[in-house]
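What follows is a single structure, written as structure tokens, with notes after it.
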Amino acid sequence: MGDGMQRKPLKYYWQVEVLDGADQDFSWVRLWRRVRRNRPAHFLFWFRLAEHLSWQRNRMFKSLAKGINNRLIQRHGIEIMLGAEIAEGLRLSHMQGVVIFRTVRIGRNFTIRQNTTIGTDFKSDALLIIGDNVDVGANSCIIGSNIHIGDNVTLGAMSFVNKSIPANQVYITEKQCRLIPKSV
């Protein structure tokens, strides 16, 4: 992974995210049971495998990664593009309608909720960087080029972010409610 993020072994991600960082030793049996019975664990298992395969030099592995990713999009309604770099601790609450572009770099312990889009402008390859311990509320949108969201940031539900946010902040988009009388 680029920009200072170092890839860890695939089993490490599975231990932290699928097995919830259990203090016990890694177990293939426990892993498979969790993947079969838990929808978020199923997604995270296959997403991390696809991500791992996409970083390999072999074209067959890259093709397999794309196939796994496409199947995850169809089955779960979540599109995390291959190339997005997400550190350990990814949490998906209410898994539906999540989109994360390939130009996004996300730190550790990231929580995201339903119907949220995170990405850069279509014309830009500029990065969107999100720090550690960030929590994104439902129906939020983070769009723009060269945006940096600091560590320990909480984005409220229905937030629209198009600028950088410093660390240790709670961000809420103010909504103005206007009543418009009906014409009779």
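Quick note: the coordinates plus some simple rules give every number you see, no bench work behind them. All values reported here derive from a predicted model rather than from experimental measurement. In this analysis, Cβ positions are derived from the backbone assuming ideal geometry, glycine residues included, and neighbour counts consider all displayed protein chains.
Only residues that are under 26 Å from Ser145 (Cα atoms) and not in a loop (DSSP other than H, G, I, E, B): list them for the stretch 53-67, please. Within the stretch 53-67, Ser54, Lys66 qualify.
Could you identify the single residue in Leu127, Leu44 that is of a type outside the set (Ser, Thr, Tyr), touching a helix residue (DSSP H, G or I) at 6+ places or on another chain (Cβ under 7 Å) and more than 24 Å from Met158 (Cβ to Cβ)? Going through Leu127, Leu44 in turn, just one is of a type outside the set (Ser, Thr, Tyr), touching a helix residue (DSSP H, G or I) at 6+ places or on another chain (Cβ under 7 Å) and more than 24 Å from Met158 (Cβ to Cβ): Leu44. Can you tell me which residue is surrounded by the fewest Cβ atoms within 10 Å (Cβ to Cβ) among those in the stretch 68-103 that are β-branched (Val, Ile, Thr) and not in a loop (DSSP other than H, G, I, E, B)? Filtering the stretch 68-103 for residues that are β-branched (Val, Ile, Thr) and not in a loop (DSSP other than H, G, I, E, B), the one surrounded by the fewest Cβ atoms within 10 Å (Cβ to Cβ) comes out as Ile73. Just checking, which of Arg33, Arg57, Arg71, Arg102 is under 22 Å from Arg113 (Cβ atoms) and not aliphatic (A, V, I, L, M)? Testing whether each residue is under 22 Å from Arg113 (Cβ atoms) and not aliphatic (A, V, I, L, M) leaves just Arg102.
When the criteria are applied in full, Glu17 meets the requirement of being in contact with a Pro (Cβ under 9 Å, 6 or more places away or on another chain), within 22 Å of Ile129 (Cα to Cα) and not small (Gly, Ala, Ser). Among the residues making up the stretch 132-167, those that are without any contact (Cβ under 8 Å) to a residue 24 or more places away in the chain, assigned to a strand (DSSP E or B) and surrounded by 15 or more Cβ atoms within 10 Å (Cβ to Cβ) are His148, Ile149, Thr154, Leu155, Val161, Ile165.
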